[in-house]
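The values are calculated or read from the model by the stated rules, or taken from the named source; none is laboratory data. Keep in mind it's a predicted model, so treat the numbers as computed, not measured. Neighbour counts are summed over all protein chains in view; Cβ atoms, including those assigned to glycine, are modelled from backbone coordinates with ideal geometry. Surface areas here come from the heavy atoms of the whole protein model, side chains and all, with no ligands, DNA or RNA. Shrake-Rupley method; radii C 1.70, N 1.55, O 1.52, S 1.80 Å.
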Amino acid sequence: MDAQYGDKRIGVYPGSFDPLTNGHLDIIRRASKLFDHLIVAVLVNTSKKNAIFTMEERVALIRKCTDQMPNVEVQMFDGLLVDFVKAHQAVAIVKGLRAVSDYEYELQMAALNKHIDKDVETIFLMADIQNSFLSSSIVKELARHGGDIRGLVPGEIVDDIEAKMLYKG
Ligand code: ADP
């Protein structure tokens, strides 16, 4: 057992978080109550195109919004998620489910991770109905065209996102 975590039940919430949205933060809040310790794992090599924020920026934005949550930690990760989960002796991967479209992909990923390691569980939390349309891509698209992103992302990072999008054009 990793001395840092003792015998805590650890969950891992992975994603690209480019950038963090209220949908992500809702899952973080809820998952932090299910586990003793929650690691938000930010993917280094995101396969998603149009990544706007650097790894360090994504991590900083998440930390800014979770600094009042003592059992939430933010880390970067590269490579196989299963390896990261094992290295931290986590008991489960946490995923958010918005729509049927998420379900198909997530089912495939959960099955793959189980195939790689049968002890790795994936737990799905249903997105809050208010966030069911919300994605990082939508936030970026809106901000890029000067739309109002308040209410879609945590208040403390609205300015950071708008400034970045303005700079990127
Ligand atoms: P996005 O689809 O916004 O680019 P990520 O790849 O960063 O998101 O998603 C990380 C995790 O968060 C995934 O499990 C995803 O299903 C979940 N998630 C994304 N947006 C929401 C939301 N609005 N509500 C709940 N869960 C979400």
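Below are the figures for this structure:
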read-out: Selected residue [surrounded by fewer than 23 Cβ atoms within 10 Å (Cβ to Cβ) and modelled with pLDDT of 95 or more] from 6, 15, 11; value: 15
read-out: Flag if residue 66 is open to solvent by less than 20 Å² (accessible area, probe 1.4 Å) and hydroxyl-bearing (Ser, Thr, Tyr); value: yes
read-out: Selected residue (only one of 61, 107 is under 14 Å from residue 16 (Cα atoms) and either near the ligand (Cβ under 10 Å from one of its atoms) or assigned to a helix (DSSP H, G or I) (or both)); value: 61
read-out: Whichever residue in the range 73-104 is charged (D, E, K, R) and within 13 Å of the ligand (Cβ to nearest atom) and, among such residues, is nearest to residue 34 (Cα to Cα); value: 95
read-out: Residue selected from the range 52-74 under the condition aliphatic (A, V, I, L, M) and in contact with a Lys or Arg (Cβ under 8 Å, 6 or more places away or on another chain), by the criterion modelled with the lowest pLDDT; value: 52
read-out: Pair list, Cβ < 6 Å and 6+ apart or interchain, from the range 52-68 residues that are under 18 Å from residue 166 (Cβ atoms) to residues that are assigned to a helix (DSSP H, G or I) and open to solvent by less than 20 Å² (accessible area, probe 1.4 Å); value: 52/140; 61/157
read-out: Residue count for the range 111-159, restricted to those that are within 12 Å of the ligand (Cβ to nearest atom), open to solvent by less than 30 Å² (accessible area, probe 1.4 Å), farther than 21 Å from residue 32 by Cβ and not in a loop (DSSP other than H, G, I, E, B); value: 2
read-out: Search result, residues across the range 92-108 that are out of contact with any Leu (no Cβ under 6 Å at 6 or more places or on another chain) and surrounded by 15 or more Cβ atoms within 10 Å (Cβ to Cβ); value: 92, 93, 94, 95, 97, 98, 102, 106
